[in-house]
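Participant: Encoded as structure tokens, here's the structure I'll be asking about.
The values are calculated or read from the model by the stated rules, or taken from the named source; none is laboratory data. Keep in mind that this is a model prediction, so the values were computed, not measured. Note that each Cβ is placed from the backbone with ideal geometry, even for glycine, and that neighbours are counted across all protein chains shown.
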Amino acid sequence: MATWLGRLALVLALCATSIAYAQKQGGTLRVTHRDNPPSASIHEEATISTDMPFMAVFNNLVIFDPDSPQNRPDRIVPDLATSWTLTNEGRTLTFQLRDGVKWHDGKPFSSADVKCTWDVVTGHVDGKMRKNPRKSWWFNIKDITVNGPREVTFHLNEPQPSLLVMMAGGFSPVYPCHVPASQMRTAPIGTGPFKFAEFKQNESIRLVRNPDYWKPGKPYIDAIEYTIIPSRATAILALVSGRYDLTLTGELSPENAKEIQAQVPQMDCIVQPSNTQGNLLINRDKPPFDDPRLRRVLGLSIDRRAFSEILSRGINKIGGAMLAPPEGLWGWSAEFMETVPGYGGDVEKSRDEGRKIMRELGYGPDKMMPLKVTTRNVASYRDSSVILIDHLKSVYIQGELEVLDSSVWYARLLRKDYAVGMNVQGTGIDDPDVQFFENYTCSSERNYTGYCNPELEKLYALQSRTTDFEARRKIVWDIDKKLQEDGARPVIYQSQGATCWWPHVKGLKMAVNSIYNHWRFDEAWIER
């Protein structure tokens, strides 16, 4: 996919070249959306369904440089912070903040809002949030202090190169201290370029231009409207007919993009790594999968290359927990991946081993083990689940599909109320701290499988404080290998998703290693 990196860089360069003179004020951006967001509160959710439509309401302390085609730790720029300094051997991070910024209700933004936000998401203060899916990101923050309204300091237990990276992502907005969590779920208040206007459950989301935005003259667009269309085929027809301008990012398959461009050659479509992965969730705390032999059988049934061929004609990549190179900074090399069990090419040999175990447990072609496979009611999840159920038949398991709406899906995962789930897991940022602490620590809210390895957690902490990139990457590769060997959350494929838009939509900024971090829309405009 290196060619896509080059193409996206070219698109971004052309956008940057034209930005000085081509922006036009006005218009409504119409976007297709796949499902009803669980809520409007980014800090309480873990899905692009919330992140993309509501990111434009907020600002971060810092963001990834929108003009960089790759989200990188060396390409982070100011947002609500104007500058920052790192002292005390990397244990003290101090931000200087912008003056004159106001919340959408007119109240002034200050350092107290930053402290309140991270006091809540770290769990130091009860902010009355129903969910806190990324609490584990902030394990290293010991305390937060303010020095007047324009300075805030984060005091860390250990140096942590990833802290700024996590603050730059779309899931790390600054929240207002004076607005309760209940309101943020239904009518959020931010400092961003667009103000919340309306959220009709299962119908639509509407944002309107913030006339008092702290970036003079921006945004250019008057309003953004997201219409919820659960059927991907219907959404594509509506896009092609001209009713909509842009698709939910990464929601289309590579084949969908080809079909759209065949019908509308002038349509802009980019296929890129979404930093989402198809992975298998196995509830190891409940019978029958408290038996490690059965967990192993599930892993032995999977043909990763078949998933890639069926879902994307071979475009989806195979890898571990970390995004594969060259778009990913931390993924295995091809040579290293060959050393990881389950990533070889002899699928039938693996399935023979699985069938042998199942016969020992009393199953066979005349006595299949019944299994409910639970998934989310989104096309990419359903498609993957159908393939999984077909693969399970090869090891004497008869699967039955259970499809859940998004809000129910996440609630069931948090309660661990499932046996086996086919998940399409999004990772907001291409970073080891994000991946390991969010998904694999014993106490993390998003550790849906209940995998717990205290010895491996010591390596999570070691890589987190390692400042040399190559030394850190070696530790990350070893951790990722162990996670796959243990079947912690077997990674089946790494998604390549397509985003399409009409050419009258200008100034979009996207990155090749995440779909989650560039939806502020403050530099986009419509030129009909």
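Participant: Suppose we keep only residues that are of a type in the set (A, V, I, L, M, F, W, C) and in contact (Cβ under 8 Å) with a residue 60 or more places away in the chain within the stretch 63-86. Which one would you say is surrounded by the fewest Cβ atoms within 10 Å (Cβ to Cβ)?
Facilitator: Trp84
Participant: When the residues of the stretch 295-346 are narrowed to those that are free of Cβ contacts under 8 Å to residues at least 40 places away in the same chain and not in a loop (DSSP other than H, G, I, E, B), which ends up nearest to Gln463 (Cα to Cα)?
Facilitator: Selected residue: Met337.
Participant: Now a separate question. Which condition number does Glu198 fail, the rest of (1) in contact with a Lys or Arg (Cβ under 6 Å, 6 or more places away or on another chain); (2) buried (at least 17 other Cβ atoms within 10 Å of the Cβ) being met?
Facilitator: Condition (2) is where Glu198 drops out.
Participant: Under 9 Å between Cβ atoms, which residue pairs at least 6 apart in sequence (or on different chains) link something in the stretch 477-491 that is at positive phi and in contact (Cβ under 8 Å) with a residue 24 or more places away in the chain with a partner that is surrounded by fewer than 23 Cβ atoms within 10 Å (Cβ to Cβ) and hydroxyl-bearing (Ser, Thr, Tyr)?
Facilitator: Gly487/Tyr451
Participant: Here's a follow-up. Please go through the stretch 228-274 and give me each residue that is assigned to a helix (DSSP H, G or I), closer than 30 Å to Pro325 by Cα, small (Gly, Ala, Ser) and within 24 Å of the chain's Cα centre (by Cα), ordered by number.
Facilitator: Residue satisfying the conditions is Ala257 alone.
Participant: Turning to a different aspect of this structure: For the stretch 403-429, which positions are in a strand (DSSP E or B) and surrounded by 16 or more Cβ atoms within 10 Å (Cβ to Cβ)?
Facilitator: Leu404, Val420, Gly421, Met422, Asn423, Val424, Gln425, Gly426
Participant: Please enumerate the residues belonging to the stretch 275-289 that are surrounded by fewer than 21 Cβ atoms within 10 Å (Cβ to Cβ) and under 29 Å from the mean Cα position of the chain (by Cα).
Facilitator: Arg284, Asp285, Lys286, Phe289 - these are the residues of the stretch 275-289 that are surrounded by fewer than 21 Cβ atoms within 10 Å (Cβ to Cβ) and under 29 Å from the mean Cα position of the chain (by Cα).
Participant: Next up: Within the bounds of the stretch 90-111, is there any residue that is part of a helix (DSSP H, G or I), surrounded by 19 or more Cβ atoms within 10 Å (Cβ to Cβ) and not aliphatic (A, V, I, L, M)?
Facilitator: yes
Participant: Just to be sure I understand, how many residues within the stretch 470-492 are within 16 Å of Val434 (Cβ to Cβ) and not in a loop (DSSP other than H, G, I, E, B)?
Facilitator: Qualifying residue count, the stretch 470-492: 8.
Participant: Mind checking which residues of the stretch 493-528 are over 20 Å from Lys258 (Cα atoms) and assigned to a strand (DSSP E or B)?
Facilitator: Those that are over 20 Å from Lys258 (Cα atoms) and assigned to a strand (DSSP E or B): Tyr493, Lys506, Ala511, Ser514, Trp525, Ile526.
Participant: Which condition number does His504 fail, the rest of (1) buried (at least 22 other Cβ atoms within 10 Å of the Cβ); (2) farther than 30 Å from Asn157 by Cβ being met?
Facilitator: With respect to (1) buried (at least 22 other Cβ atoms within 10 Å of the Cβ); (2) farther than 30 Å from Asn157 by Cβ, His504 is out only on (1).
Participant: Among Ile475, Ile479, which is the only one that is crowded, with 21+ Cβ neighbours inside 10 Å and of a type in the set (A, V, I, L, M, F, W, C)?
Facilitator: Ile479
Participant: Another question, if that's okay. Sort through Lys115, Lys131 and tell me the only one that's closer than 30 Å to Tyr448 by Cα, basic (Lys, Arg) and in a helix (DSSP H, G or I).
Facilitator: Criteria check complete, one pass: Lys115.
Participant: For Glu438, which of the numbered conditions (1) more than 24 Å from Arg305 (Cα to Cα); (2) surrounded by fewer than 15 Cβ atoms within 10 Å (Cβ to Cβ); (3) in contact with a Pro (Cβ under 9 Å, 6 or more places away or on another chain); (4) not aromatic (Phe, Trp, Tyr) fails to hold?
Facilitator: (2)
Participant: Being touching a Phe, Trp or Tyr at 6+ places or on another chain (Cβ under 6 Å), at pLDDT below 95 and over 16 Å from Ile282 (Cβ atoms) is the requirement here; does Met337 meet it?
Facilitator: Spelling it out, Met337 is indeed touching a Phe, Trp or Tyr at 6+ places or on another chain (Cβ under 6 Å), at pLDDT below 95 and over 16 Å from Ile282 (Cβ atoms).
Participant: Could we say that Val386 is modelled with pLDDT under 95 and β-branched (Val, Ile, Thr) here?
Facilitator: Judged against the criteria, Val386 is not a match.
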